[in-house]
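The values are calculated or read from the model by the stated rules, or taken from the named source; none is laboratory data. This is a predicted model, so every value here is computed, not measured. Neighbour counts run over all protein chains shown; Cβ positions are idealised from the backbone, glycine included. To get the accessible areas, we keep the full protein, side chains included, count just its heavy atoms, and leave off ligands, DNA and RNA. Shrake-Rupley method; radii C 1.70, N 1.55, O 1.52, S 1.80 Å.
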Amino acid sequence: MGSPARVYDSGSGAREADGAVGAGTGPLHLYLLGGFRAERPHGVPPAARWPRPGARTLVKLLALAPGHQLHREHVMACCWPHAELGAALRNLRVALHTARHALEPELRPRAVSSYVVTDGTLLRLVPGAVLVDADRVESLAENALSQGGVPELAAAFAAFTGELLPEDRYAAWADARRTHLADLRATTGCALAGRHLADGDPARAAAVARRVLEQAPGDERARHLLMDASRHQGPHRKHTPPPDAREDAGREDTGLEAARVRLDWALTLDRAGRYDEAIDVLRQALAAYAPRGHGDARALAAARLAEVLARRHRPAEAHASLRAHAPGPAAPAEVGAAHHMARSMVLFYEGAYEAGLAAARTAEATLRTPPPSASASRAVPSPHSALLARALAQQAVCNGLLGRFDQATAPAEQALGAAEASGDPALLANALSVLRENARRAGDLAQALRHGRRALTLAEQAGRPTATAFERANLAELHLSLGESAEAERLARAAAELAEPFGGTVLAFALTALARVRTAADPDGAAALLDRAEHCAREGGHRQALDEVRAARAEWAAHGRSHH
């Protein structure tokens with residue numbers, strides 16, 4: 001590990017002076033919030049596409065590091081953890097060369113980079129020449145928290161324009177900075193909401209608290225601020241009600257606001273694969289609505305609860321929840337559709353694909369022909385396009401599982417349009433996942449790969465680890481079909497590692513994919529993987545997962561017979 005820097009230095013020498021910056025290049029701006037990008041206000045723009053992912057990761061690592069410098073061993077351990085030293089050094093040399101020319105396309109061969117330099121075994125971004133948005137946001141927030149007023153806190157809170165590197169949400173090397181920035185955003189937002197509340201502006205306080213909870217649904221400070229703001233707002237009436245009535249109304253508003261927060265929080269927990277927590281939160285929301293007669297809100301909460309219960313292999317409880325809180329005849333279209341969609345998902349998990357298809361069609365019909373008496377409801381924030389996308393995608397999935405492949409194409413394509421209209425990356429990933437499967441069945445593996453890669457990126461951006469693992473497993477099988485065993489192994493192993501903490505259905509799919517990849521090279525190991533996958537599928541109670549395991553066993557047995 002003590003090799004000289006010249007080994008990987010792209011011909012620039014063992015040391016590059018910090019001041020050796022090309023004339024007229026101007027500063028480089030690196031943006032990490034909301035997704036990585038590089039910009040130069042002056043000179044040739046940085047490359048839009050980087051041919052090597054390792055080069056982009058190298059720049060991200062330096063942008064995140066204290067002082068924007070790292071030892072080369074640290075970079076190699078993060079970017080190529082399983083490579084031998086010689087291979088890692090070669091990879092680093094190529095990544096450095098690629099990064100320098102991507103950031104500064106006009107850089108001449110063997111010229112010193114204006115932005116990325118080496119100093120012995122250190123790699124660094126040139127001080128003053130590279131500006132990182134996360135640094136600016138941290139400085140704004142820390143200054144506002146220590147000595148700022150409302151304007152400074154508002155400016156700092158607004159500067160948090162997105163999650164840190166959402167495309168690398170599961171990369172361990174970004175965890176510490178991501179956690180710090182997320183905590184700093186929540187603290188800044190809560191401080192701002194508290195100031196608004198102290199200044200007698202509960203409406204603004206509530207708005208800021210809700211924005212905090214959008215990205216930090218478990219933040220107790222924001223939840224208490226939201227409830228305090230709701231209590232201080234109260235209903236605006238022409239005549240002042242008696243004190244007891246005002247007290248009752250305030251308590252009811254606070255309880256309803258808390259229930260709405262729990263609904264949003266539960267959705268975040270569900271998408272994060274934290275199903276048991278989501279179930280508890282949804283039961284709390286349902287209990288808060290029950291004594292107040294809010295039938296539409298109860299039906300929506302019960303539908304969401306049923307879906308999560310189905311994912312936890314508790315179908316009897318799921319059906320009971322739907323029966324106990326069915327929407328009334330005058331319910332808004334989205335409430336009725338959510339109820340039918342939940343029923344479809346419960347039936348799907350049970351393997352009742354025909355009944356699940358019928359329920360998904362009913363959900364679609366409910367959205368397309370809403371009852372004339374339907375009224376708007378504060379408890380139903382979901383846009384029609386999101387539910388429509390789910391109903392259509394579910395029809396495509398059920399048709400495919402029933403062998404009606406010709407009937408799976410149209411709803412899948414319609415689901416894509418509805419998902420795009422919803423603006424929800426999780427829904428769009430789901431629609432693309434269905435299209436990927438249709439393309440695979442049709443034998444168009446190139447198109448299937450395109451859909452699958454896009455679905456994977458969106459699942460990562462949406463913060464859905466279980467969906468991410470599922471997409472990686474499916475991509476692994478596609479690469480295996482194309483004879484690309486190394487990439488298939490990488491993806492299947494990554495899927496299994498990500499799915500491991502969740503167990504159940506998602507781990508069953510991931511282990512099945514890994515077993516398929518390893519059947520030829522390690523049949524005994526593949527058999528052991530399939531044994532574990534079957535156990536997980538039974539534990540998760542997912543019929544499709546169990547069918548996949550059985551299909552993989554048949555393939556494993558056929559491979560064994562063909563080699564005897």
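Within region 25-52, being open to solvent by 30 Å² or more (accessible area, probe 1.4 Å), in contact with a Pro (Cβ under 9 Å, 6 or more places away or on another chain) and assigned to a strand (DSSP E or B) holds for 29, 37, 39. Listed here are the helices (runs of 4 or more DSSP H) enclosed by region 53-129 that have at least 1 residues being in contact with a Cys (Cβ under 9 Å, 6 or more places away or on another chain), at pLDDT 90 or above and open to solvent by less than 20 Å² (accessible area, probe 1.4 Å): 53-64, 85-103. The selection criterion, being touching a Pro at 6+ places or on another chain (Cβ under 9 Å), assigned to a helix (DSSP H, G or I) and modelled with pLDDT under 95, holds for residue 396.
Among residues of region 103-116 that are more than 12 Å from residue 26 (Cα to Cα), those with a Cβ under 7 angstrom from a residue that is surrounded by fewer than 24 Cβ atoms within 10 Å (Cβ to Cβ) and of a type in the set (S, T, N, Q), sequence gap 6+ or separate chain, pair up as 110/12; 112/12.
Just one of the listed residues (436, 450) is without any contact (Cβ under 8 Å) to a residue 12 or more places away in the chain and part of a helix (DSSP H, G or I), and it is 450. Among the residues making up region 279-303, those that are open to solvent by 50 Å² or more (accessible area, probe 1.4 Å) and either more than 13 Å from residue 263 (Cα to Cα) or at pLDDT 95 or above (or both) are 290, 291, 292, 293, 294. When you look at residue 542, is it surrounded by fewer than 16 Cβ atoms within 10 Å (Cβ to Cβ) and touching a residue at least 40 places away in the same chain (Cβ under 8 Å), yes or no? Against the criterion (surrounded by fewer than 16 Cβ atoms within 10 Å (Cβ to Cβ) and touching a residue at least 40 places away in the same chain (Cβ under 8 Å)), residue 542 does not qualify.
Is at least one residue of region 396-411 out of contact with any Asp or Glu (no Cβ under 9 Å at 6 or more places or on another chain), within 22 Å of residue 469 (Cβ to Cβ) and open to solvent by 40 Å² or more (accessible area, probe 1.4 Å)? No, region 396-411 has no match at all.
Looking across region 444-464 at every residue that is of a type outside the set (D, E, K, R), at pLDDT below 90 and open to solvent by 10 Å² or more (accessible area, probe 1.4 Å), the one that is farthest from residue 164 (Cα to Cα) is identified as 456. Restricting 244, 248, 264, 270 to those that are modelled with pLDDT under 75, in a helix (DSSP H, G or I) and closer than 17 Å to residue 214 by Cα reduces the list to 264. Output the qualifying pairs, or none if there are none: Cβ atoms under 7 angstrom, residues six or more apart or on different chains, first residue in region 41-53 and farther than 18 Å from residue 108 by Cα, second residue open to solvent by 100 Å² or more (accessible area, probe 1.4 Å) and not in a loop (DSSP other than H, G, I, E, B). Taking only residues 6 or more apart or on different chains, not a single pair turns up. Being free of Cβ contacts under 8 Å to residues at least 40 places away in the same chain, open to solvent by less than 60 Å² (accessible area, probe 1.4 Å) and within 20 Å of the chain's Cα centre (by Cα) is a description that applies to residue 507.
Does residue 509 meet the test of being modelled with pLDDT under 95, closer than 20 Å to residue 310 by Cα and assigned to a helix (DSSP H, G or I)? It is true that residue 509 is modelled with pLDDT under 95, closer than 20 Å to residue 310 by Cα and assigned to a helix (DSSP H, G or I).
Every test in (1) without any contact (Cβ under 8 Å) to a residue 40 or more places away in the chain; (2) over 22 Å from the mean Cα position of the chain (by Cα) is passed by residue 176 save one, and that test is (2).
All conditions in (1) assigned to a helix (DSSP H, G or I); (2) over 11 Å from residue 469 (Cα atoms) hold for residue 492, with the sole exception of (2). If you go through region 423-443 and keep only what is open to solvent by 30 Å² or more (accessible area, probe 1.4 Å), under 19 Å from the mean Cα position of the chain (by Cα) and at negative phi, you end up with 424, 425, 430. With the condition kept exactly as written, say whether any residue in region 466-473 is touching a Lys or Arg at 6+ places or on another chain (Cβ under 9 Å), among the charged types (D, E, K, R), open to solvent by less than 20 Å² (accessible area, probe 1.4 Å) and farther than 24 Å from residue 215 by Cβ. Looking through region 466-473, none of the residues is touching a Lys or Arg at 6+ places or on another chain (Cβ under 9 Å), among the charged types (D, E, K, R), open to solvent by less than 20 Å² (accessible area, probe 1.4 Å) and farther than 24 Å from residue 215 by Cβ.
Would region 134-148 turn up any residue that is surrounded by fewer than 16 Cβ atoms within 10 Å (Cβ to Cβ), among the acidic types (Asp, Glu) and within 30 Å of residue 210 (Cβ to Cβ)? Yes: region 134-148 contains one or more residues that are surrounded by fewer than 16 Cβ atoms within 10 Å (Cβ to Cβ), among the acidic types (Asp, Glu) and within 30 Å of residue 210 (Cβ to Cβ).
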